[in-house]
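> Here it is: the structure, laid out below.
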There are 2 protein chains.
Amino acid sequence: MGADARRRYVVLAEGAFGELPSKTAMGVIRYGHDPVVAVIDSRQAGRDVNEWLPGHAIPIVADLDEAMAVAPAEQPPSALLIGIAPQGGRIPPSWRAVLVAAIEAGLDIVSGLHELVSEDPELTALAATHGVELIDHRRPPERHVVASGRAHRPGSRVILTVGTDCAIGKMSVALELRQAAAAAGLAAVFVPTGQTGIMIEGWGVAVDRVIADFLNGTAEWLVERAETLGDWIFVEGQGSLDHPAYSAVTLGLLHGATPHAMVLVHEPGRRGHHGWEGPDGRGSPLLSLADNIRLYERAAAAVAPSRVVAVALNTGQLPEDEARAEIAVAAAETGLPADDPFRFGPAPLFAAIRTALDGATP
Amino acid sequence: MGADARRRYVVLAEGAFGELPSKTAMGVIRYGHDPVVAVIDSRQAGRDVNEWLPGHAIPIVADLDEAMAVAPAEQPPSALLIGIAPQGGRIPPSWRAVLVAAIEAGLDIVSGLHELVSEDPELTALAATHGVELIDHRRPPERHVVASGRAHRPGSRVILTVGTDCAIGKMSVALELRQAAAAAGLAAVFVPTGQTGIMIEGWGVAVDRVIADFLNGTAEWLVERAETLGDWIFVEGQGSLDHPAYSAVTLGLLHGATPHAMVLVHEPGRRGHHGWEGPDGRGSPLLSLADNIRLYERAAAAVAPSRVVAVALNTGQLPEDEARAEIAVAAAETGLPADDPFRFGPAPLFAAIRTALDGATP
């Protein structure tokens with residue numbers, strides 16, 4: 001956990017802006033507090049972020065030199081933020097030259113990669129020379145404690161977003177619902193469990209980076225901290241329980257957070273696990289919403305019962321009429337409130353969750 | 001992964017020999033290849049290991065001085081093996097003096113603790129002075145790769161031991177079944193996934209020490225290696241799916257190993273999760289055998305279907321007639337072959353597993 005001073009970012013999203021691997025870039029621009037002065041993606045140079053995220057007018061540029069040039073002279077960028085999360089989290093060799101150039105230009109480096117920039121010999125030596133900081137938001141805490149099974153603070157309501165897949169919108173749904181709860185006058189908290197959430201919120205732990213034995217315990221500890229900050233606690237979920245590569249992280253978060261309720265996040269039209277081809281290239285198909293709900297509720301019940309109380313759909317790729325039709329289908333299939341909180345606002349879905357929980361929570 | 005030269009061990013089991021926290025000591029004595037010359041447990045000094053493990057005549061002594069004195073002069077001990085696995089895996093402060101004295105006496109230190117002895121400044125400085133090695137069997141591999149969903153090598157049969165709890169005998173059952181398969185003339189492999197198994201076998205990964213994101217991928221990799229070594233592959237399970245603190249490790253191992261079959265290990269009479277008191281001191285009750293089987297099979301099926309094909313009971317605490325009665329009850333409750341492979345030999349249970357698998361595996 002840690003907090004950041006305010007920075008002015010150049011966001012590196014080379015080759016990926018607007019696509020799923022750039023979800024860190026998108027999340028920081030959409031939900032972050034610090035200004036972004038330029039996005040680097042040579043494929044999209046000349047375009048503007050507001051084509052993807054209306055209301056966020058930020059130039060997309062070809063390289064770091066151009067990023068430095070487009071920024072207002074009186075407000076130069078102060079940091080390069082790595083806005084892509086490659087599978088496995090290594091620093092791609094092609095980025096190294098960009099990181100070196102950024103450090104030489106006096107920029108801090110802000111990273112959420114597994115491979116820690118602050119432990120890279122070349123980068124640390126260069127950073128010392130140029131007096132810049134290397135900030136790793138995925139660095140795990142030194143705390144090595146297994147879950148103790150603490151009870152929730154009475155009055156708290158812990159809601160975990162769970163998904164039919166990874167990279168499907170669990171962080172954004174938790175942020176939107178937190179916003180709706182705050183707008184309803186409640187003391188609402190977002191619990192970041194991944195590097196993008198940490199960059200946005202200034203605290204949290206990238207739970208996929210924690211030693212496996214302490215995963216449940218770290219999730220428990222995050223919720224304990226959140227319960228000192230507010231009453232309505234929205235925990236960012238990770239992965240999916242049926243994901244061949246990431247299921248352990250999903251279950252540890254579920255059993256450590258022991259949520260009172262879960263919100264299932266899905267993208268209509270997604271059929272297979274994103275970026276995961278499987279042994280024969282056929283990928284790994286997603287379970288139905290109903291099967292997902294059964295799986296999450298059964299897994300939760302092995303430690304602490306919890307219900308899926310709502311479905312959040314990510315319909316950004318669909319025209320509005322199709323989006324509304326998908327929402328109706330999801331509601332009918334599951335018998336639960338369903339909506340797209342990004343697109344149609346989070347207030348209705350939050351109101352439904354509040355009704356479900358306040359009928360059930362002491 | 002790594003292999004050891006042959007050593008002569010003093011095993012540190014202070015305050016715990018014969019009890020569950022000393023399972024590393026018990027496992028290394030029972031299944032290891034390197035001789036143990038003495039066990040340190042001041043509570044039990046003067047007794048002999050063969051009171052617990054018949055056939056293993058090893059003196060239990062009060063301290064390191066006594067351990068050095070009882071060893072044959074021509075075959076002095078060459079290493080101190082830490083035979084206790086405290087929850088959380090820290091070096092208890094009271095042991096530090098023993099480790100220091102062992103290093104000063106010229107012994108290597110062999111450890112399976114989370115807290116790595118080879119990264120402890122005091123111990124590494126002292127080890128350098130005295131020319132001894134500090135060996136951490138729980139050190140995770142540098143390999144950081146997520147699961148790829150590789151298919152099993154045709155002809156291989158992968159069997160994972162799963163449990164109703166942690167510290168219940170999953171490693172021992174896998175070792176006993178491997179022995180039975182080898183005795184049947186099959187190319188059999190044991191896959192160590194914890195520090196004790198690694199100490200016994202000389203390779204493997206303590207999967208609870210791996211970064212959570214790479215847990216499934218590491219389990220997959222271990223099975224890939226095992227499939228180059230033999231056909232009948234017995235993977236040591238970890239934790240339990242309903243364990244509040246360790247469930248993530250259990251699921252990652254299950255989804256990474258994608259076993260063809262599972263063997264459920266249980267200790268009759270154990271009612272709650274060992275060493276885990278829960279928020280109100282009431283602990284966390286174990287699920288029934290039938291509920292465990294459902295939970296493991298459903299969880300497996302989310303990635304790759306697998307069946308529980310046998311039940312292995314750890315009846316060491318019961319008289320023989322009660323043990324046989326418990327085995328009959330387990331078989332009736334589950335409709336599966338059941339036995340205590342430690343006590344009555346692994347051949348019958350392995351034969352039943354072989355029948356179940358060779359009816360189902362191409």
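The values are calculated or read from the model by the stated rules, or taken from the named source; none is laboratory data. These numbers come from a predicted model, not from an experiment. In this analysis, Cβ positions are derived from the backbone assuming ideal geometry, glycine residues included, and neighbour counts consider all displayed protein chains. Heads up: the accessible areas ignore ligands, DNA and RNA and are worked out on the full protein's heavy atoms, side chains in. Shrake-Rupley method; radii C 1.70, N 1.55, O 1.52, S 1.80 Å.
> Give the number of residues within the range B:22-57 that are surrounded by fewer than 20 Cβ atoms within 10 Å (Cβ to Cβ) and of a type in the set (A, V, I, L, M).
3
> Would you check if residue A:208 is at pLDDT 95 or above and open to solvent by 10 Å² or more (accessible area, probe 1.4 Å)?
yes
> Out of (1) closer than 19 Å to residue A:17 by Cβ; (2) over 24 Å from the mean Cα position of the chain (by Cα), what's the single condition that is false for residue A:82?
Just one mismatch for residue A:82, condition (2).
> Kindly indicate whether any position in the range A:260-267 is facing another protein chain (nearest Cβ under 8 Å) and touching a residue at least 60 places away in the same chain (Cβ under 8 Å).
no
> Moving on to the next point. Kindly evaluate residue B:202 against the criterion of being more than 11 Å from chain A (Cβ to nearest Cβ), open to solvent by 10 Å² or more (accessible area, probe 1.4 Å) and free of Cβ contacts under 8 Å to residues at least 12 places away in the same chain.
Judged against the criteria, residue B:202 is not a match.
> Next question, about the same structure. Hey, among the residues in the range B:298-333 that are in contact (Cβ under 8 Å) with a residue 12 or more places away in the chain and within 14 Å of another protein chain (Cβ to nearest Cβ), which one's farthest from residue B:152 (Cα to Cα)?
If we take residues in the range B:298-333 being in contact (Cβ under 8 Å) with a residue 12 or more places away in the chain and within 14 Å of another protein chain (Cβ to nearest Cβ), then B:299 is farthest from residue B:152 (Cα to Cα).
> Would you please name the residue that is farthest from the other protein chains (Cβ to nearest Cβ), looking only at residues in the range B:334-355 that are open to solvent by 70 Å² or more (accessible area, probe 1.4 Å) and either among the charged types (D, E, K, R) or under 30 Å from residue A:242 (Cα atoms) (or both)?
B:343
> If residue A:241 satisfies all but one of (1) more than 9 Å from chain B (Cβ to nearest Cβ); (2) touching a strand residue (DSSP E or B) at 6+ places or on another chain (Cβ under 8 Å), what's the number of the condition it fails?
(1)
> Is it the case that the range A:114-122 has a residue that's within 14 Å of chain B (Cβ to nearest Cβ) and more than 21 Å from the chain's Cα centre (by Cα)?
yes
> Please verify whether the range B:283-298 includes one or more residues that are modelled with pLDDT under 95 and open to solvent by 60 Å² or more (accessible area, probe 1.4 Å).
Within the range B:283-298 (the criterion being modelled with pLDDT under 95 and open to solvent by 60 Å² or more (accessible area, probe 1.4 Å)), the answer is yes, since at least one residue qualifies.
> A further question follows. Among the residues of the range A:207-220, is there at least one that is in contact (Cβ under 8 Å) with a residue 40 or more places away in the chain and more than 24 Å from residue B:245 (Cβ to Cβ)?
Within the range A:207-220 (the criterion being in contact (Cβ under 8 Å) with a residue 40 or more places away in the chain and more than 24 Å from residue B:245 (Cβ to Cβ)), the answer is no, since none of the residues qualifies.
> Also: Is it the case that some residue within the range B:154-161 is modelled with pLDDT of 95 or more, in contact with a strand residue (DSSP E or B) (Cβ under 6 Å, 6 or more places away or on another chain) and under 23 Å from residue B:273 (Cβ atoms)?
Yes, the conditions are met somewhere in the range B:154-161.
> Same structure, new question: Can you confirm whether residue B:193 is part of a helix (DSSP H, G or I), among the hydroxyl-bearing types (Ser, Thr, Tyr) and open to solvent by less than 10 Å² (accessible area, probe 1.4 Å)?
no
> Another question, then. Of the conditions (1) within 14 Å of chain B (Cβ to nearest Cβ); (2) open to solvent by 10 Å² or more (accessible area, probe 1.4 Å); (3) in contact with a strand residue (DSSP E or B) (Cβ under 8 Å, 6 or more places away or on another chain); (4) not aliphatic (A, V, I, L, M), residue A:148 fails just one. Which one is it?
The failed condition is (3).
> Let me ask another. If you go through the range B:313-322 one residue at a time, do you hit one that is under 14 Å from residue B:290 (Cα atoms) and open to solvent by 70 Å² or more (accessible area, probe 1.4 Å)?
Within the range B:313-322, none of the residues are under 14 Å from residue B:290 (Cα atoms) and open to solvent by 70 Å² or more (accessible area, probe 1.4 Å).
> Quick check on residue A:142: is it more than 8 Å from every other protein chain (Cβ to nearest Cβ), modelled with pLDDT under 95 and surrounded by fewer than 24 Cβ atoms within 10 Å (Cβ to Cβ)?
yes
> What is the one condition in (1) within 20 Å of residue B:298 (Cα to Cα); (2) open to solvent by 40 Å² or more (accessible area, probe 1.4 Å) that residue A:274 does not satisfy?
(1)
> Any residue in the range B:148-164 that is at positive phi and over 24 Å from the mean Cα position of the chain (by Cα)?
Yes: the range B:148-164 contains one or more residues that are at positive phi and over 24 Å from the mean Cα position of the chain (by Cα).
> Follow-up. I need a count of the residues in the range A:151-163 that are assigned to a loop (DSSP other than H, G, I, E, B) and crowded, with 16+ Cβ neighbours inside 10 Å.
2
> I've got another one for you. Residue check: is residue B:67 open to solvent by less than 20 Å² (accessible area, probe 1.4 Å), within 17 Å of residue B:108 (Cβ to Cβ), more than 23 Å from the chain's Cα centre (by Cα) and modelled with pLDDT under 95?
no
> Among the residues of the range B:214-224, write down those that are within 11 Å of another protein chain (Cβ to nearest Cβ) and open to solvent by less than 10 Å² (accessible area, probe 1.4 Å).
Correct list: B:214, B:215, B:216, B:217, B:218, B:219.
> Which one is nearest to the other protein chains (Cβ to nearest Cβ) among residues in the range B:225-235 that are open to solvent by 10 Å² or more (accessible area, probe 1.4 Å) and within 17 Å of residue B:198 (Cα to Cα)?
Ranking the candidates gives B:225 first.
> Still on this structure, I have one more. Scan the range A:174-185 and tell me whether some residue there is within 14 Å of another protein chain (Cβ to nearest Cβ), of a type outside the set (Ser, Thr, Tyr), in contact (Cβ under 8 Å) with a residue 40 or more places away in the chain and crowded, with 24+ Cβ neighbours inside 10 Å.
Taking every residue of the range A:174-185 in turn, none turns out to be within 14 Å of another protein chain (Cβ to nearest Cβ), of a type outside the set (Ser, Thr, Tyr), in contact (Cβ under 8 Å) with a residue 40 or more places away in the chain and crowded, with 24+ Cβ neighbours inside 10 Å.
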